[in-house]
Amino acid sequence: MEKLHFCERGGYLLGPTSSLWSISSDPSEFATPGDAAIVGCTNLRCRACGQQVQFERELPAGQDGRTYQCACRTYREDKFRAADDDDERDPALPWRCGGHSTATLPFDLDGVKIGRDTDFATLVRKTLAGWSPPSARPSEREQPYGWASKLHVRLTDTELKDAVSGAAAPLLSDADAFVRGAALRFFCEFPAAMETACIEGLLLGDRAPFLSQDPTVRNVAVPLESSLLRLLGRRIILLRERNDPDLPHLLELARAEVLRRDSWVQALYHFLWKADPDWLMANVKALVTANPEQWRDLLGSLSEGAAGEAGERIARLPGVDAKELESFARLLSAKDSRRQILAALGKKK
Ligand SMILES: [Zn+2]
Ligand SMILES: [Zn+2]
């Protein structure tokens with residue numbers, strides 16, 4: 001039987017087209033968490049009456065909502081929502097994505113013909129260097145990896161499913177920092193699309209190409225290393241979900257990384273609190289000693305319940321400003337954690 005792909009969150013219902021979303025004209029397009037744009041589901045099915053949900057494909061200019069309808073229910077959406085939304089302001093809907101078939105090759109994606117003879121090396125490099133087809137959704141064009149992601153998702157389960165990631169992997173060491181940054185961010189979205197050995201090679205190889213600023217990130221100055229470590233974190237979470245035997249090895253690399261000085265360590269804390277909390281807690285002092293200016297990120301990335309113990313351990317360390325730690329503690333809503341840190345600082349609760 002043909003494999004179907006289901007939209008995340010039961011499928012999205014969309015109001016009038018915006019820069020962030022539009023209904024697809026391609027029945028095989030489905031919504032995934034990595035999408036740069038919100039893709040409206042075109043195959044919603046009603047669990048009550050069994051019908052396919054009909055909706056207004058094209059809206060007249062100025063119409064402020066889109067009507068969806070099955071035999072038993074009518075619903076009008078003016079912005080966007082997921083079918084499984086449990087927000088109490090929205091009524092619960094009996095509709096869920098009924099699945100989308102695998103794309104048939106060749107196909108046209110925003111005016112670009114995609115098939116067996118497509119030169120993916122050239123196309124993927126061009127798109128990760130900043131190009132995207134003018135007819136792609138604005139939000140897909142805004143991110144340097146947006147259109148490459150769209151193409152990658154559209155090729156899911158086809159014989160070309162690895163074509164985009166295969167073309168993107170060598171670009172992680174491209175001479176152009178923009179391309180390196182876009183390739184890193186592409187793999188952060190799809191950490192399953194690369195080999196563990198490839199991440200290891202990047203971490204243990206020459207790190208100089210990752211120390212320059214990431215030109216794909218606007219408005220804030222972050223080095224490319226930030227995305228490299230986020231990629232490591234995303235891969236760790238993925239291997240943990242899969243119970244993969246490579247996990248301990250990657251955790252070792254991440255532990256060595258967060259204990260290093262002058263590495264963009266804060267990118268990893270959040271992932272390690274999830275995947276390796278006992279080691280992290282046991283090494284809180286060593287971590288803050290290695291990178292004292294990162295203590296706020298370290299404490300801020302864990303649950304408030306655990307912040308007390310971590311805060312208590314670092315309270316007397318040089319490099320941790322007692323006043324700032326006190327302010328941090330007073331902002332915690334978890335009472336026990338707040339008390340624990342204030343007590344360690346010798347302050348009244
Ligand atoms: Zn769907
Ligand atoms: Zn119905």
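Overview of results
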| quantity | calculated |
| --- | --- |
| Selection status of E195, assigned by TED's automatic domain parsing to the domain that holds Y75 and either in contact with a Ser or Thr (Cβ under 8 Å, 6 or more places away or on another chain) or without any contact (Cβ under 8 Å) to a residue 40 or more places away in the chain (or both) | no |
| Residue among D119, D110, D85, D162 that alone is surrounded by fewer than 13 Cβ atoms within 10 Å (Cβ to Cβ), away from ligand 2 (no atom under 16 Å from the Cβ) and either under 17 Å from S25 (Cβ atoms) or not aliphatic (A, V, I, L, M) (or both) | D119 |
| Single residue of R57, R73 found to be within 16 Å of ligand 1 (Cβ to nearest atom) and in contact (Cβ under 8 Å) with a residue 12 or more places away in the chain | R57 |
| Residue match in segment 209-229 (condition: touching a residue at least 12 places away in the same chain (Cβ under 8 Å), out of contact with any Leu (no Cβ under 9 Å at 6 or more places or on another chain) and more than 14 Å from R180 (Cβ to Cβ)) | no |
| Single match in F80, F30, F6 (criterion: within 16 Å of ligand 1 (Cβ to nearest atom), crowded, with 18+ Cβ neighbours inside 10 Å and aromatic (F, W, Y)) | F30 |
| Candidates A71, A92 - the one that is within 16 Å of ligand 2 (Cβ to nearest atom), within 21 Å of R9 (Cα to Cα), among the small types (G, A, S) and not in a strand (DSSP E or B) | A92 |
| Some residue of segment 31-44 being within 16 Å of ligand 2 (Cβ to nearest atom) and either within 27 Å of P134 (Cβ to Cβ) or of a type in the set (S, T, N, Q) (or both) | yes |
| Filter pass, S28 being in a loop (DSSP other than H, G, I, E, B), under 29 Å from C188 (Cβ atoms), more than 16 Å from ligand 2 (Cβ to nearest atom) and in contact with a helix residue (DSSP H, G or I) (Cβ under 6 Å, 6 or more places away or on another chain) | no |
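The values are calculated or read from the model by the stated rules, or taken from the named source; none is laboratory data. Since the model is a prediction, treat every value here as computed from it, not as a measurement. No Cβ is skipped: glycine too gets one built from the backbone with ideal geometry, and neighbour counts run over all protein chains shown.
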